[in-house]
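Accompanying notes for the structure given below.
The values are calculated or read from the model by the stated rules, or taken from the named source; none is laboratory data. All values reported here derive from a predicted model rather than from experimental measurement. Here the Cβ positions follow ideal geometry from the backbone for every residue, glycine too, while neighbour counts run over all protein chains shown. Quick note on the areas: whole protein, heavy atoms, side chains included, nothing else; ligands and nucleic acids left out. Shrake-Rupley method; radii C 1.70, N 1.55, O 1.52, S 1.80 Å.
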Amino acid sequence: SVHSASLDSVDLKGRSCLTLKDFSSDEIKRLLWVSGDLKHRIKHEKQYLPLLQGKSVAMIFEKRSTRTRMSTETGFALLGGHPCFLTSQDIHLGVNESCTDTARVLSGLCDIVLARVYSHSTLEELEKEASIPIINGLSDLYHPIQILADFLTLQERYGSLTGLTVSWIGDGNNVLHSFMMTAAKLGVHLRIATPKGYEPEQSIIHEAQKLSKQHGTQLVLTSDPMEAAHGSNVLVTDTWVSMGQEDEKKKRLKDFRGYQITMQTGSMAKPDWTFLHCLPRKMEEVDDHVFYSSRSLVFPEAENRKWTIMGLMVSVLTDYAPQTPLMKF
(Lines give C-alpha, C1' and ligand atoms only; values in the text may rest on other atoms or scores of the structure.)
Protein backbone atom coordinates (compact mmCIF):
# COMPACT_ATOMS: atom_id res chain seq x y z
CA SER A 1 0.00 0.00 0.00
CA VAL A 2 1.02 3.63 -0.41
CA HIS A 3 1.14 4.10 3.34
CA SER A 4 3.29 1.04 3.88
CA ALA A 5 5.71 2.37 1.26
CA SER A 6 5.96 5.73 3.01
CA LEU A 7 6.71 3.98 6.32
CA ASP A 8 9.25 1.68 4.65
CA SER A 9 11.33 4.68 3.70
CA VAL A 10 11.42 6.18 7.22
CA ASP A 11 15.00 6.17 8.49
CA LEU A 12 15.60 6.86 12.18
CA LYS A 13 19.18 5.63 12.40
CA GLY A 14 21.36 7.80 14.64
CA ARG A 15 18.41 9.87 15.90
CA SER A 16 18.05 10.96 19.52
CA CYS A 17 14.62 10.91 21.15
CA LEU A 18 14.21 13.68 23.72
CA THR A 19 10.60 14.40 22.83
CA LEU A 20 8.11 13.08 20.26
CA LYS A 21 7.52 16.70 19.36
CA ASP A 22 10.54 16.20 17.03
CA PHE A 23 9.04 13.13 15.33
CA SER A 24 6.62 13.18 12.40
CA SER A 25 3.46 11.16 12.12
CA ASP A 26 5.19 8.55 9.92
CA GLU A 27 8.21 8.34 12.21
CA ILE A 28 6.03 7.60 15.25
CA LYS A 29 4.05 5.01 13.28
CA ARG A 30 7.30 3.41 12.15
CA LEU A 31 8.45 3.12 15.80
CA LEU A 32 5.14 1.48 16.77
CA TRP A 33 5.34 -0.89 13.79
CA VAL A 34 8.89 -2.00 14.65
CA SER A 35 7.89 -2.45 18.31
CA GLY A 36 4.84 -4.56 17.47
CA ASP A 37 6.90 -6.54 14.98
CA LEU A 38 9.64 -7.37 17.53
CA LYS A 39 6.99 -8.34 20.08
CA HIS A 40 5.34 -10.68 17.60
CA ARG A 41 8.58 -12.30 16.45
CA ILE A 42 10.23 -12.66 19.85
CA LYS A 43 7.30 -13.20 22.22
CA HIS A 44 4.87 -15.12 20.02
CA GLU A 45 7.09 -16.80 17.46
CA LYS A 46 9.90 -17.42 19.99
CA GLN A 47 12.57 -16.17 17.56
CA TYR A 48 16.01 -15.20 18.82
CA LEU A 49 16.99 -11.84 17.30
CA PRO A 50 20.42 -10.64 18.46
CA LEU A 51 20.00 -7.34 16.61
CA LEU A 52 22.06 -5.41 19.19
CA GLN A 53 24.87 -7.96 19.54
CA GLY A 54 28.08 -6.17 20.53
CA LYS A 55 26.28 -2.93 21.42
CA SER A 56 25.91 -1.35 24.84
CA VAL A 57 23.61 1.21 26.43
CA ALA A 58 24.54 3.52 29.30
CA MET A 59 21.48 3.99 31.51
CA ILE A 60 21.75 7.11 33.67
CA PHE A 61 19.16 7.32 36.44
CA GLU A 62 18.86 10.47 38.56
CA LYS A 63 15.41 9.20 39.64
CA ARG A 64 14.55 5.62 40.56
CA SER A 65 12.31 3.53 38.38
CA THR A 66 10.84 0.04 38.04
CA ARG A 67 9.51 -0.04 34.49
CA THR A 68 12.04 2.17 32.71
CA ARG A 69 14.98 0.32 34.24
CA MET A 70 13.59 -3.19 33.79
CA SER A 71 12.27 -2.62 30.26
CA THR A 72 15.58 -1.19 29.07
CA GLU A 73 17.81 -3.75 30.79
CA THR A 74 15.78 -6.81 29.84
CA GLY A 75 14.93 -5.52 26.36
CA PHE A 76 18.50 -4.58 25.45
CA ALA A 77 19.84 -7.90 26.77
CA LEU A 78 17.12 -9.86 24.93
CA LEU A 79 18.42 -8.31 21.70
CA GLY A 80 21.97 -9.44 22.50
CA GLY A 81 23.26 -6.10 23.80
CA HIS A 82 24.81 -5.07 27.10
CA PRO A 83 23.04 -2.63 29.46
CA CYS A 84 25.08 -0.63 32.01
CA PHE A 85 23.05 0.85 34.87
CA LEU A 86 24.39 4.06 36.45
CA THR A 87 22.79 5.75 39.46
CA SER A 88 23.65 9.23 40.69
CA GLN A 89 26.13 7.51 43.03
CA ASP A 90 27.98 6.24 39.94
CA ILE A 91 27.60 9.27 37.71
CA HIS A 92 26.61 12.62 39.17
CA LEU A 93 25.75 14.61 36.06
CA GLY A 94 27.11 18.14 36.14
CA VAL A 95 28.41 17.72 39.70
CA ASN A 96 31.55 15.58 39.66
CA GLU A 97 31.83 15.80 35.87
CA SER A 98 30.24 18.24 33.49
CA CYS A 99 27.48 17.10 31.14
CA THR A 100 29.73 18.00 28.22
CA ASP A 101 32.56 15.76 29.40
CA THR A 102 30.21 12.93 30.35
CA ALA A 103 28.57 13.05 26.90
CA ARG A 104 31.93 12.88 25.13
CA VAL A 105 33.25 10.08 27.35
CA LEU A 106 30.11 7.95 26.93
CA SER A 107 30.15 8.55 23.16
CA GLY A 108 33.48 6.70 23.07
CA LEU A 109 32.40 3.87 25.36
CA CYS A 110 28.88 2.86 24.33
CA ASP A 111 26.42 3.09 21.46
CA ILE A 112 23.46 4.87 23.04
CA VAL A 113 22.49 6.60 26.29
CA LEU A 114 19.14 6.42 28.05
CA ALA A 115 18.87 9.10 30.74
CA ARG A 116 16.15 9.58 33.35
CA VAL A 117 16.70 13.06 34.71
CA TYR A 118 15.08 15.82 36.73
CA SER A 119 15.66 18.65 34.30
CA HIS A 120 14.99 18.37 30.56
CA SER A 121 17.91 20.75 29.94
CA THR A 122 20.29 18.02 31.16
CA LEU A 123 19.20 15.87 28.20
CA GLU A 124 19.62 18.78 25.79
CA GLU A 125 23.15 19.34 27.06
CA LEU A 126 24.03 15.67 26.70
CA GLU A 127 22.55 15.58 23.22
CA LYS A 128 24.45 18.67 22.10
CA GLU A 129 27.82 17.13 22.98
CA ALA A 130 27.26 13.42 22.33
CA SER A 131 27.98 11.74 19.00
CA ILE A 132 25.60 8.86 19.85
CA PRO A 133 21.80 8.88 20.27
CA ILE A 134 20.37 10.13 23.58
CA ILE A 135 17.02 8.73 24.71
CA ASN A 136 14.80 10.49 27.25
CA GLY A 137 13.90 7.97 29.96
CA LEU A 138 11.77 10.71 31.61
CA SER A 139 12.38 14.38 32.34
CA ASP A 140 10.36 17.07 34.07
CA LEU A 141 8.98 18.06 30.67
CA TYR A 142 8.38 14.85 28.67
CA HIS A 143 8.13 11.05 28.92
CA PRO A 144 8.19 9.92 25.25
CA ILE A 145 8.92 6.21 25.81
CA GLN A 146 5.82 5.93 28.00
CA ILE A 147 3.60 7.30 25.23
CA LEU A 148 4.93 4.84 22.66
CA ALA A 149 3.95 2.02 25.04
CA ASP A 150 0.52 3.57 25.60
CA PHE A 151 -0.23 3.85 21.89
CA LEU A 152 1.03 0.31 21.14
CA THR A 153 -1.33 -0.93 23.89
CA LEU A 154 -4.29 0.96 22.39
CA GLN A 155 -3.37 -0.20 18.90
CA GLU A 156 -3.48 -3.81 20.10
CA ARG A 157 -6.78 -3.30 21.92
CA TYR A 158 -8.71 -1.31 19.29
CA GLY A 159 -7.04 -2.56 16.09
CA SER A 160 -6.47 1.00 14.90
CA LEU A 161 -5.70 4.38 16.46
CA THR A 162 -7.31 6.83 14.04
CA GLY A 163 -10.45 8.39 15.47
CA LEU A 164 -9.95 7.22 19.06
CA THR A 165 -10.61 9.72 21.85
CA VAL A 166 -8.24 9.73 24.80
CA SER A 167 -9.20 11.61 27.98
CA TRP A 168 -6.56 12.72 30.44
CA ILE A 169 -7.92 13.39 33.92
CA GLY A 170 -5.21 14.57 36.30
CA ASP A 171 -2.06 16.67 36.51
CA GLY A 172 -0.65 18.71 33.62
CA ASN A 173 2.63 16.80 33.78
CA ASN A 174 5.36 15.30 31.57
CA VAL A 175 3.27 12.30 30.51
CA LEU A 176 0.40 14.57 29.44
CA HIS A 177 2.88 16.79 27.57
CA SER A 178 4.03 13.75 25.61
CA PHE A 179 0.43 12.76 24.81
CA MET A 180 -0.11 16.31 23.52
CA MET A 181 2.91 16.07 21.20
CA THR A 182 1.79 12.70 19.79
CA ALA A 183 -1.99 12.17 19.75
CA ALA A 184 -2.89 14.42 16.80
CA LYS A 185 -0.12 12.85 14.66
CA LEU A 186 -1.85 9.48 15.10
CA GLY A 187 -5.34 10.87 14.40
CA VAL A 188 -6.30 10.66 18.08
CA HIS A 189 -8.58 13.23 19.78
CA LEU A 190 -7.49 14.49 23.19
CA ARG A 191 -9.74 15.69 26.02
CA ILE A 192 -7.86 17.05 29.01
CA ALA A 193 -9.12 17.86 32.52
CA THR A 194 -6.67 19.42 34.98
CA PRO A 195 -7.53 21.34 38.16
CA LYS A 196 -7.00 25.10 37.98
CA GLY A 197 -3.34 25.82 38.52
CA TYR A 198 -2.22 22.39 37.25
CA GLU A 199 -2.63 23.01 33.52
CA PRO A 200 -0.03 21.78 31.01
CA GLU A 201 2.70 24.27 30.01
CA GLN A 202 1.40 27.14 27.89
CA SER A 203 3.95 26.60 25.09
CA ILE A 204 2.97 22.93 24.89
CA ILE A 205 -0.75 23.81 24.73
CA HIS A 206 0.07 26.18 21.88
CA GLU A 207 2.01 23.50 19.97
CA ALA A 208 -0.75 20.91 20.57
CA GLN A 209 -3.37 23.31 19.19
CA LYS A 210 -1.27 23.72 16.06
CA LEU A 211 -0.92 19.94 15.66
CA SER A 212 -4.68 19.45 16.13
CA LYS A 213 -5.45 21.94 13.39
CA GLN A 214 -2.88 20.40 11.11
CA HIS A 215 -4.15 16.81 11.59
CA GLY A 216 -7.85 17.61 11.95
CA THR A 217 -8.25 16.25 15.47
CA GLN A 218 -10.05 17.67 18.49
CA LEU A 219 -8.29 19.11 21.52
CA VAL A 220 -10.42 19.98 24.55
CA LEU A 221 -9.06 21.61 27.73
CA THR A 222 -11.30 21.80 30.79
CA SER A 223 -11.19 21.58 34.58
CA ASP A 224 -14.21 19.27 34.70
CA PRO A 225 -13.32 15.52 34.79
CA MET A 226 -16.81 14.49 33.66
CA GLU A 227 -16.66 16.80 30.65
CA ALA A 228 -13.26 15.34 29.71
CA ALA A 229 -14.58 11.77 29.99
CA HIS A 230 -17.57 12.51 27.77
CA GLY A 231 -17.67 10.27 24.68
CA SER A 232 -14.17 8.95 25.29
CA ASN A 233 -12.61 5.56 24.44
CA VAL A 234 -9.74 5.75 26.89
CA LEU A 235 -9.49 7.28 30.37
CA VAL A 236 -5.94 8.03 31.48
CA THR A 237 -4.46 9.35 34.68
CA ASP A 238 -1.10 9.37 36.45
CA THR A 239 0.25 10.12 39.91
CA TRP A 240 -0.78 13.48 41.32
CA VAL A 241 2.32 13.73 43.50
CA SER A 242 5.50 13.04 41.51
CA MET A 243 8.93 12.28 42.93
CA GLY A 244 10.25 15.52 44.39
CA GLN A 245 6.77 16.94 45.13
CA GLU A 246 6.18 15.13 48.43
CA ASP A 247 6.07 18.39 50.42
CA GLU A 248 3.07 19.57 48.34
CA LYS A 249 1.17 16.34 48.92
CA LYS A 250 -1.55 17.67 51.26
CA LYS A 251 -2.33 20.64 49.05
CA ARG A 252 -2.33 18.52 45.89
CA LEU A 253 -4.72 15.92 47.33
CA LYS A 254 -7.11 18.72 48.22
CA ASP A 255 -6.84 20.39 44.79
CA PHE A 256 -7.45 17.09 42.96
CA ARG A 257 -10.64 16.24 44.84
CA GLY A 258 -13.21 14.83 42.40
CA TYR A 259 -10.52 13.66 39.97
CA GLN A 260 -10.42 10.02 41.03
CA ILE A 261 -11.39 7.78 38.11
CA THR A 262 -14.28 5.50 39.03
CA MET A 263 -16.96 3.56 37.17
CA GLN A 264 -19.03 6.74 37.46
CA THR A 265 -16.40 8.62 35.43
CA GLY A 266 -16.60 5.74 32.96
CA SER A 267 -20.37 6.13 32.65
CA MET A 268 -19.65 9.32 30.66
CA ALA A 269 -17.36 7.47 28.25
CA LYS A 270 -18.14 5.20 25.28
CA PRO A 271 -19.33 1.64 26.02
CA ASP A 272 -15.93 0.21 24.96
CA TRP A 273 -13.89 2.47 27.27
CA THR A 274 -10.60 1.31 28.71
CA PHE A 275 -8.21 2.64 31.32
CA LEU A 276 -4.47 3.47 31.24
CA HIS A 277 -2.07 4.46 34.03
CA CYS A 278 1.71 4.50 33.63
CA LEU A 279 2.20 3.34 37.26
CA PRO A 280 3.09 3.40 40.14
CA ARG A 281 -0.53 3.98 41.11
CA LYS A 282 -2.07 5.36 44.28
CA MET A 283 -5.61 4.70 45.48
CA GLU A 284 -6.70 8.35 45.23
CA GLU A 285 -6.09 8.48 41.44
CA VAL A 286 -8.25 5.51 40.47
CA ASP A 287 -10.28 3.10 42.56
CA ASP A 288 -9.67 -0.68 42.66
CA HIS A 289 -12.95 -1.30 40.87
CA VAL A 290 -11.58 0.33 37.69
CA PHE A 291 -7.88 -0.44 38.22
CA TYR A 292 -8.35 -4.23 38.48
CA SER A 293 -11.28 -4.46 36.04
CA SER A 294 -11.22 -6.00 32.57
CA ARG A 295 -11.28 -2.43 31.22
CA SER A 296 -7.88 -1.72 32.73
CA LEU A 297 -4.93 -2.12 30.35
CA VAL A 298 -2.29 -1.11 32.90
CA PHE A 299 -0.38 -4.40 32.97
CA PRO A 300 -0.16 -4.94 29.18
CA GLU A 301 0.78 -1.24 29.06
CA ALA A 302 3.61 -1.84 31.54
CA GLU A 303 4.86 -4.82 29.51
CA ASN A 304 4.76 -2.75 26.32
CA ARG A 305 7.31 -0.39 27.89
CA LYS A 306 9.76 -3.18 27.07
CA TRP A 307 8.69 -3.79 23.45
CA THR A 308 8.59 -0.09 22.60
CA ILE A 309 11.99 0.69 24.12
CA MET A 310 13.31 -2.26 22.09
CA GLY A 311 11.62 -0.89 18.97
CA LEU A 312 13.15 2.53 19.57
CA MET A 313 16.66 1.19 20.25
CA VAL A 314 16.58 -1.08 17.20
CA SER A 315 15.29 1.77 15.01
CA VAL A 316 18.01 4.23 16.00
CA LEU A 317 20.90 1.72 16.14
CA THR A 318 20.32 -0.60 13.16
CA ASP A 319 18.89 -0.84 9.64
CA TYR A 320 16.20 -3.28 10.76
CA ALA A 321 13.13 -3.61 8.55
CA PRO A 322 9.96 -5.05 10.14
CA GLN A 323 9.00 -8.54 8.93
CA THR A 324 5.32 -8.53 9.92
CA PRO A 325 2.63 -6.70 7.91
CA LEU A 326 2.06 -3.05 8.74
CA MET A 327 -0.44 -2.44 11.54
CA LYS A 328 -3.61 -0.54 10.78
CA PHE A 329 -3.23 2.93 12.18
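Observations on the structure shown:
- Spatially proximal lysines relative to LYS55 (Cα-Cα < 18 Å; intrachain offsets below 8 disregarded): LYS13, LYS306
- Cα long-axis angle, helix 67-78 against the chain (0 to 90 degrees, to the nearest 10): 40
- Kirkwood hydrodynamic radius of the chain, from the reciprocal of the average inverse Cα-Cα distance over all distinct pairs: 20.1 Å.
- Residues whose placed amide H lies under 5 Å from that of LEU221, excluding near-sequence neighbours: ILE192
- The range 25-155 - charge dipole about Cα centre, Lys and Arg +1 at Cβ, Asp and Glu -1, debye rounded to 20: 620
- Anisotropy class of the range 61-111 from Cα gyration tensor, a/c 1.5 cut: oblate
- Where a label projected 7 Å from the Cα of THR162 along Cα→Cβ would reach, residues of the range 299-329 with amide N under 14 Å: 327-329
- Using all pairs of distinct alpha-carbon atoms, the Kirkwood hydrodynamic radius of the range 1-126 works out to 16.3 angstrom.
- Ordering ILE204, SER25, VAL57 by the projection of their Cα atoms onto the charge dipole of the chain, which places +1 on the Cβ of Lys and Arg and -1 on the Cβ of Asp and Glu, puts SER25 at the extreme positive end.
- Pairs of C-alpha atoms in the range 222-329 farther apart than 20 Å represent 53 percent of all such pairs.
- A simple rule links phi to the HN-Hα coupling: the Karplus curve 6.51 cos²θ - 1.76 cosθ + 1.60 with θ = phi - 60°, which for the range 292-297 gives 9, 7, 6, 7, 7, 9 Hz, with x for Gly and Pro.
- In the chain, taking the dipole from charged Cβ atoms about the Cα centre, the farthest positive-side position among ALA103, PHE275, SER121 is held by PHE275.
- Distance between the pseudo-spin-label points of THR66 and LEU109 (7 Å out from Cα toward the beta carbon): 3.0 nm.
- Each Cα pair under 8 Å and six or more residues apart adds its separation to the average, and for the range 197-279 the resulting relative contact order is 37 percent.
- Paramagnetic label zone (point 7 Å from Cα along Cα-to-C-beta, ARG257; backbone N under 20 Å) in the range 154-171: 169-171
- Projecting label points 7 angstrom from Cα along Cα→Cβ for SER9 and ASP90 puts them 4.2 nm apart.
- With only the Cα atoms considered, the range 161-279 has a convex hull volume of 96 Å³ per residue.
- Charge dipole (debye, nearest 20) of the chain; +1 at Cβ of Lys and Arg, -1 at Cβ of Asp and Glu: 660
- Rounded to 10°, Cα long-axis angle of helix 144-158 versus longest principal axis of the chain: 60
- Spin-label pair ALA77/ASP22, simplified geometry with 7 Å Cα→Cβ offset, distance in nm: 2.9
- Shown is the FRET efficiency for GLN209 and TYR48, computed with R0 = 41 Å from the Cβ-Cβ distance and rounded to the nearest 0.05: 0.35.
- 0 to 90° range, to nearest 10: angle between helix 120-129 axis and the chain longest Cα axis: 20
- Eligible aspartates and glutamates near LYS128 by straight Cα distance, threshold 20 Å, same-chain separation 8 or greater: ASP22, GLU62, GLU97, ASP101, ASP111, ASP140
- Cα-based shape type of the range 153-207, given that a ≥ b ≥ c are square roots of the gyration tensor eigenvalues and the cut on a/c is 1.5: prolate
- For the peptides 28-41, 50-63, the ranking by packing is 28-41, 50-63, with the highest mean count of neighbouring Cβ atoms within 10 Å listed first.
- Between the range 34-77 and the range 142-166, the C-alpha centres lie 19 angstrom from each other.
- For the range 31-147, the solvent-accessible area works out to 42 Å² per residue, with a probe of 1.4 Å and every protein chain left in place.
- The range 242-315, dipole about Cα centre (Lys/Arg Cβ +1, Asp/Glu Cβ -1), debye to the nearest 20: 120
- Charge dipole (the chain, unit charges on Cβ, about Cα centre) - positive-most of PRO325, LEU221, LEU312: PRO325
- Calculated on C-alpha atoms, the gyration radius of the range 104-189 divided by its Kirkwood radius gives an Rg/Rh of 1.07.
- Other-chain or far-sequence residues with amide H under 5 Å of HIS143's (modelled H): SER178
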